[in-house]
1. Find the residue count for region 52-99, including only residues that are within 27 Å of Pro114 (Cβ to Cβ) and polar (S, T, N, Q).
2. Name every residue in region 97-126 that is under 15 Å from Pro157 (Cβ atoms) and at pLDDT below 90, in order of residue number.
3. Among the residues of region 127-149, what is the count of those that are of a type in the set (Lys, Arg) and at pLDDT below 90?
4. Does Thr26 fit the bill of being of a type outside the set (A, V, I, L, M, F, W, C) and within 22 Å of Gly99 (Cβ to Cβ)?
5. Provide a single number: the residues in region 95-131 that are within 16 Å of Ile21 (Cα to Cα), out of contact with any Ser or Thr (no Cβ under 9 Å at 6 or more places or on another chain) and open to solvent by less than 70 Å² (accessible area, probe 1.4 Å).
6. Of the conditions (1) in a helix (DSSP H, G or I); (2) farther than 24 Å from Met115 by Cα; (3) open to solvent by less than 70 Å² (accessible area, probe 1.4 Å); (4) of a type in the set (D, E, K, R), Arg16 clears all except one; give me its number.
7. With hydrophobic (A, V, I, L, M, F, W, C) and touching a residue at least 60 places away in the same chain (Cβ under 8 Å) as the only criterion, which of Ala18, Ala33 stands out?
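The values are calculated or read from the model by the stated rules, or taken from the named source; none is laboratory data. Because the structure is a prediction, the values reported are computed rather than measured. Every residue, glycine among them, receives a Cβ derived from its backbone with ideal geometry; neighbour counts consider all protein chains shown. To get the accessible areas, we keep the full protein, side chains included, count just its heavy atoms, and leave off ligands, DNA and RNA. Shrake-Rupley method; radii C 1.70, N 1.55, O 1.52, S 1.80 Å.
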Amino acid sequence: MSRRTTWEDNSCPIARAADVIAEPWTLLILRNATAGTTRFEDFRAQLGIADNVLTTRLAKLVERGLLTKLPYRDGGRTRHEYRLTKAGSDALPVLHALGAWGDAHTSSENAYGPMQLVHCACGELTRPGEKCDACGKPLVRDDLTWRGSWLSEGEIPLADPVGW
């Protein structure tokens, strides 16, 4: 079911952002893309999302510039993968903040602990930003991993946006 109202021209930046990312499944698709998922089949399997909903959400994320669609060959067939753009990768603080809020104000017996951002250069926890909270060095996306929360174990590197 789609909204009857669009907020894309609203004066409030929260309303404009909600217009892009507040639909059901969109934040989870961005989370998985940030963790390196690129293919339709993988999004579907990881999220348990219906094909028609996933198709619609991916198309909107491409249209709004958070993902880009790149062709690849699968046997004799051309398929597409979905890669983060700079705008998509810039959603990391939003995802991190929602994860922190969810850790603080919701609970689940299946949780693996809080969603944490690790600065690999020093091995310490940090928050999205320009500098590491622990060592003060500039944060480079290649030096960051996610740990905990929705992951079963270990750490995963953040996916690089297209063009980096």
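1. Residues flagged as within 27 Å of Pro114 (Cβ to Cβ) and polar (S, T, N, Q) within region 52-99 amount to 1.
2. Met115, Gln116
3. 2
4. yes
5. 2
6. Condition not satisfied by Arg16: (3).
7. Result: Ala33 is the single residue among Ala18, Ala33 that is hydrophobic (A, V, I, L, M, F, W, C) and touching a residue at least 60 places away in the same chain (Cβ under 8 Å).
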